[in-house]
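Here's the structure, in structure tokens; my notes come after.
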2 protein chains.
Amino acid sequence: MAPWGKRLAGVRGVLLDISGVLYDSGAGGGTAIAGSVEAVARLKRSRLKVRFCTNESQKSRAELVGQLRRLGFDISEGEVTAPAPAACQILKERGLRPYLLIHDGVRSEFDQIDTSNPNCVVIADAGESFSYQNMNNAFQVLMELENPVLISLGKGRYYKETSGLMLDVGPYMKALEYACGIKAEVVGKPSPEFFKSALQAIGVEAHQLLSV
Amino acid sequence: MAPWGKRLAGVRGVLLDISGVLYDSGAGGGTAIAGSVEAVARLKRSRLKVRFCTNESQKSRAELVGQLRRLGFDISEGEVTAPAPAACQILKERGLRPYLLIHDGVRSEFDQIDTSNPNCVVIADAGESFSYQNMNNAFQVLMELENPVLISLGKGRYYKETSGLMLDVGPYMKALEYACGIKAEVVGKPSPEFFKSALQAIGVEAHQLLSV
């Protein structure tokens, strides 16, 4: 058996990234990457467990899945591991009420979260919402806390759009870390907890996994 | 002689900070700190050399000095060491053409600087001008350079205004450092070169200096 075949022999589950693997985002909902619609369909017909794992934090899962379905993908919200719902679980478990420095497109994911009298900050790829005013609001919330908690949905440096390179959440996370003298908790890749939650959702162990 | 007297015996020059030492900034031009107008006047009548050394980078020296003169201080532009003119000297010496991520109040300091086809970024306390768009412009300029040069006027974390704590330039400098994987050159306190240029202006050695 070829080395590849050997490695694949023990595989029971597949973790698929979305942006750059299934589709390229862009104007009008983006475009499916050649062969990916059929590849997902074949994986789902196979004996393998499939989970979609993304750091997308400008869109809700509902919007993201809607977009992918329109491109022809067989995918549902329940099959997607994304930072916003993972953060919501942490907020609930720890009784945290966030000031949300996020993109409006992902705000609906936090509908069930109490945001009154904030005792932490959640920062995500907010795009144009990274105004000085919003950054300063987040900063002031953190500085008034005895134990400042900053949760960052990913820590990417930048990403590519058709219009050029765009600053991601990471630089803004670093800005608040430096301003407050604290360290953020990262929810999303490459956090091991995030991968673990995706694996748990399909009942697969790390050594049985293929990640694309 | 008392220890204080001993220390003062060798003093030939005095470096005075401006904000928080001479005056508190705020609405309507700020207010002089009690006794500071007379203290400056007495220093100037003494045998001591006096130099004003500030990290102010939201205002030009002209504006700053005008404000201080209205409060009663005997001070002129030529007596002030500030980051913007120090940066201009560096830009000229090294043939650098900056993309300016700065406050409009300090833009006049860069009137003589060529900003076409930028080959570096100068970042200062830009306040509301720290928009996502402007940060992304600066980021894109840096990413297109073979040897990205980022010059930061100070690296303060935050400062206090009557309305509360405000993010300073430091956090935004850190954001661009992380995004581009580079290290900024800091012009202003606490950079040793900056202090040295203030000392040279009054012909005083570091060991002959009293700094307030």
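The values are calculated or read from the model by the stated rules, or taken from the named source; none is laboratory data. Quick caveat: nothing in here was measured; it's all calculated off a predicted structure. All Cβ positions, glycine included, derive from the backbone under ideal geometry; neighbour counts span all protein chains shown.
Structure above, values below:
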{"item": "Test for B:Lys160: is it surrounded by fewer than 17 Cβ atoms within 10 Å (Cβ to Cβ), free of Cβ contacts under 8 Å to residues at least 24 places away in the same chain and touching a strand residue (DSSP E or B) at 6+ places or on another chain (Cβ under 9 Å)", "result": "yes"}
{"item": "Subset of the range A:93-141 that is among the small types (Gly, Ala, Ser) and surrounded by 21 or more Cβ atoms within 10 Å (Cβ to Cβ) - its residue that is nearest to the other protein chains (Cβ to nearest Cβ)", "result": "A:Ala126"}
{"item": "Hits in the range A:27-48 (condition: touching a residue at least 40 places away in the same chain (Cβ under 8 Å) and surrounded by fewer than 12 Cβ atoms within 10 Å (Cβ to Cβ))", "result": "A:Ala27"}
{"item": "Among residues of the range B:66-117, those that are basic (Lys, Arg) and within 19 Å of B:Asn55 (Cβ to Cβ), counted", "result": "1"}
{"item": "Among residues of the range A:142-179, those that are farther than 19 Å from B:Ala179 by Cα and at the interface with chain B (Cβ under 8 Å from one of its Cβ atoms), counted", "result": "1"}
{"item": "Qualifying residue in the range A:140-152 (condition: part of a helix (DSSP H, G or I) and within 16 Å of A:Thr54 (Cα to Cα))", "result": "no"}
{"item": "Odd one out for A:Lys196, checked against (1) surrounded by fewer than 19 Cβ atoms within 10 Å (Cβ to Cβ); (2) farther than 25 Å from A:Ser211 by Cβ", "result": "(2)"}
{"item": "Sole residue being more than 8 Å from chain A (Cβ to nearest Cβ), assigned to a loop (DSSP other than H, G, I, E, B), buried (at least 16 other Cβ atoms within 10 Å of the Cβ) and hydrophobic (A, V, I, L, M, F, W, C), chosen from B:Val204, B:Val186", "result": "B:Val204"}
{"item": "Pairs where the first residue, in the range A:76-89, is within 12 Å of A:Gln112 (Cβ to Cβ) and the second is part of a helix (DSSP H, G or I) and of a type in the set (A, V, I, L, M, F, W, C), C-beta under 8 Å, 6+ apart", "result": "A:Ala84/A:Val106; A:Ala84/A:Phe110; A:Cys88/A:Phe110"}
{"item": "Selection from the range A:45-78 of residues that are charged (D, E, K, R), in contact with a strand residue (DSSP E or B) (Cβ under 9 Å, 6 or more places away or on another chain) and modelled with pLDDT under 95", "result": "A:Glu56"}
{"item": "Complete set of residues in the range B:49-62 that are without any contact (Cβ under 8 Å) to a residue 60 or more places away in the chain and farther than 13 Å from B:Ile18 by Cα", "result": "B:Ser60, B:Ala62"}
{"item": "Selection within the range B:51-66 - surrounded by 17 or more Cβ atoms within 10 Å (Cβ to Cβ) and of a type outside the set (D, E, K, R)", "result": "B:Phe52, B:Cys53, B:Thr54, B:Asn55, B:Ser57, B:Gln58, B:Ser60, B:Leu64, B:Val65"}
{"item": "Index of the failed condition, B:Asp125 passing every other in (1) touching a Ser or Thr at 6+ places or on another chain (Cβ under 7 Å); (2) under 26 Å from A:Phe139 (Cα atoms); (3) assigned to a helix (DSSP H, G or I)", "result": "(3)"}
{"item": "Considering residues of the range B:168-212 that are under 22 Å from B:Phe52 (Cα atoms) and hydroxyl-bearing (Ser, Thr, Tyr) only, the residue modelled with the lowest pLDDT", "result": "B:Ser211"}
{"item": "Any hit, the range B:145-161, residues being more than 13 Å from the chain's Cα centre (by Cα) and among the small types (Gly, Ala, Ser)", "result": "no"}
